[in-house]
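All remarks here apply to the structure that follows.
Here, each number is a calculation from the coordinates, and none is a lab measurement. Keep in mind it's a predicted model, so treat the numbers as computed, not measured. As a convention, Cβ positions derive from the backbone with ideal geometry for all residues, glycine included, and neighbour counts pool all protein chains shown.
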């Protein structure tokens, strides 16, 4: 067991190192120079002032140092939880910008990923081999999963937001409110949350349902199912075993979904102008905000690694064969 | 089945718990943010009343990151105008300065300007506003990184004679530019700003701003800033006006779709975004109006120019530039791309508000208009011929002419426009290819002079066309050109005339006209920068919650309906005092 997790941790550590390095490199290879566009945006025409500002900002962001030193500084700062100062929302620290956005993204993604997984699996398993249900769940699932989620988002915003006027079309909470722990505010927050949630939930739902349905059919036709059936086991028992086996690939799928969930809502957040990480990433790229981009990507890297690690553990719990494999490795 | 439910139920519970807890936990970081801002009164978590709140958008493109009126390019909307005020406002219709914090300003002799300040003006922290604050604000400009640093090249000293009088002494009196400064500079309180280092002045967030204005800071978040009316504002008695909305919420732009959605849902009252289908919004029955009920729907705010890089061949040749000017089908841009939301510009580029300064005789003699045949003739006369038969003219030395025209990627109206320009120039035999680099990349190329041609409209309406000419012709050309003369056009004669214009007193309209006529003649002869169309003062208003918006019809106000930077001083603030709650 220790060996299993030790190996996993080593792989994660290496992945982390490589990811951080790439993360540091990519923005620096983007065309254009953030400092000069920052100065240009300032619209200062005085030549002396331009030079002073340029030097000042170059020093401030540490761009005057040799590359290897910038890289070393980056690691040092990272371990202190310091992602630098945002260029876009100058002079706010990146960590502050990200922390303001993270709750919105997690609040949107965790429920939509988990609920769609649960409901999708349930619907898929339930529908498999029941002709009437299969004939309805399958096409609906295909339509949902084939739907680009931003398109669905736009449809929802238009239909339920603008035309019906039931839901708001933009923002994390009403522009007339200020954050507080009142019932009014929380209700408003949920009201704004429904549409983005729904657009993510519905699209993911279809995929899970189809996957599960196919897996269950496959399992029901496998030898052990036929054997059980020949022994006269009740259909419910067979289905239970089939479900247990069928859910394993679905768990792997969930792991991947959980990993990218931080970034996954990017387009949805933009459509609803929901103030989460996705909107931040877009803005960071548009404004060549190295530091913000690094910070958000860092979050995604950490998210992917942590989610995968959790799933590794979950696997050990739900799949006896993994445990058997580890015991075998130790022997 | 029961077993399956055993798995499903806890997972469902986890999901719901996550949903609820994340919903509930969201306010925590926000709350702490609001808590750190002293002005946010605790306990009034309730909704802002709709009939007392004005929702605006179209100015702010990123989260409100600072309230520093010296960061003129990215302060939170309203920092200048609502909180900090200027000495004068400028009334574009009457074409004159309106006393604001100042009661009057007079030139006592050719190089001395005396300001009399209003009495009874107080800062939002209760301290009186005096001449020392004005002197302090102008002296901040001695710091190199302050945007108005250059006035100290011709301003000698500023001194407070008494609490109500400021005397400015000049080494060279630039009357035109001085009037511009008078309504542009936000006056900051000495007792708060004194002792701030240059870095704090340049980069400071200036949280909880203390100003003389009619509003104070209430709260802000990533996507909004909220201002609250100050009930002891001096202007209630001093100017006999009061802004009607108790709260102003300025919403950060995300996209046109969102702005449109909010407008249609009656969640936004004043949208200063460019909405491509604005004409349909006005014609449809949505309760949305614009300044004019018919084309061009909007007031004109600035001129879109085609900037030519005059350091490159063949754009260094005036004959080629004039041929190019004649080859552009501006009408097609106005009608096809904008659906008549904009107007074609005068060949001089001067805004309609400055029409009296345009010398019609010069325009009739030297002006250009779209005429493919004429463009072809001009090219042929100047020696540009199509010698290899590919349909495009070549340089005089026989090398191919292949020019790029650039606008930022995503600026869809401009992208369409340069496609039209490229197509119509090709008709005349000039090979132009449209290209759409990223905005930052474009800024980079523009300031370094690494482009062929581009479109720019950064200069706004002001008190004097001098600001336009400064933008077109300013010398000397530097290594990086950040705000003016992107085309690096060097002409000492015209620059001398522009400096001459600067030194004409602003009430001497005839004198201004005389100098400007000469400038216009050189501009039209040389054509280093080609005026295309007047961009609108994009403004779509909803009449659901607030009415009496400015418009061309009836006895509605005639002030510009906008929250754009520096436009509150051009009458945007006055608009706020004239609108009325709908119910």
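Take the Cβ atoms of residue B:164 and residue B:340, set R0 to 41 Å, and the FRET efficiency comes out at 0.25. Entry for segment B:393-543 at q = 0.17, 0.21 Å⁻¹: log10 I(q)/I(0) = -1.14, -1.39, Debye formula applied to identical alpha-carbon scatterers, no solvent contribution. Expressed as a fraction of 2.2 N^0.38 Å, the value expected for a compact globular protein of N residues, the C-alpha radius of gyration of the protein assembly as shown is 1.08. Principal axis extents of the Cα atoms in chain B, from largest to smallest and rounded to whole angstrom, are 86, 80, 50. In percent, rounded to a whole number, the relative contact order of chain B is 20, using alpha-carbon pairs under 8 Å and six or more apart. When chain A is treated as a Gaussian network with alpha carbon springs shorter than 10 Å, the biggest mean-square fluctuation among A:303, A:84, A:159 belongs to A:159. For chain A, the longest principal axis of the Cα atoms and the long axis of helix A:131-146 meet at an angle of about 10 degrees.
Once a ≥ b ≥ c are taken as the square roots of the eigenvalues of the Cα gyration tensor of segment A:156-292, is the result rounded (a/c under 1.5), prolate (a/b larger than b/c) or oblate (a/b not larger than b/c)? In terms of gyration-tensor shape, prolate.
Shape analysis of segment B:346-425 places it in the oblate category; the axes a ≥ b ≥ c from the Cα gyration tensor give an a/c of at least 1.5, with a/b not above b/c. In segment B:50-114, Cα pairs under 8 Å separated by at least six residues give a relative contact order of 16 percent. Each Cα pair under 8 Å and six or more residues apart adds its sequence gap; the mean of these over the residue count of segment A:94-330 is a relative contact order of 29 percent. The C-alpha atoms of chain A define a longest principal axis, and helix A:277-286 lies at about 40 degrees to it. For chain B, DSSP calls about 80 percent of its internal beta bridges antiparallel. The convex hull of the Cα atoms of segment B:187-346, projected and averaged over all directions, covers 15.7 nm².
Panel order for A:88, A:75, B:538, by other beta carbons found within 10 Å of each beta carbon, from fewest to most: A:75, B:538, A:88. The angle separating the long axis of helix A:235-259 from the principal Cα axis of greatest extent in chain A is about 10 degrees.
Dividing the summed -39500 (n - 2.57) terms of all DSSP H runs of n ≥ 4 by the residue count of chain B sets its mean residue ellipticity at 222 nm at -9000 deg cm²/dmol.
Once you order the gyration tensor axes a ≥ b ≥ c over the Cα atoms, which shape class does segment A:154-206 get: rounded for a/c under 1.5, otherwise prolate or oblate by comparing a/b with b/c? Display every interim value, and only then the final one.
On the way: a/c = 2.95, a/b = 1.61, b/c = 1.83.
Taking the square roots of the gyration eigenvalues as a ≥ b ≥ c, segment A:154-206 is oblate.
Dividing the Cα radius of gyration of segment A:94-330 by its Kirkwood radius returns 1.05 for Rg/Rh. Looking at segment B:300-536, the DSSP beta bridges with both ends there are about 70 percent antiparallel. Annotation: the residues A:5, B:486, sorted from fewest to most other C-beta atoms within 10 Å of their own C-beta, follow the order A:5, B:486.
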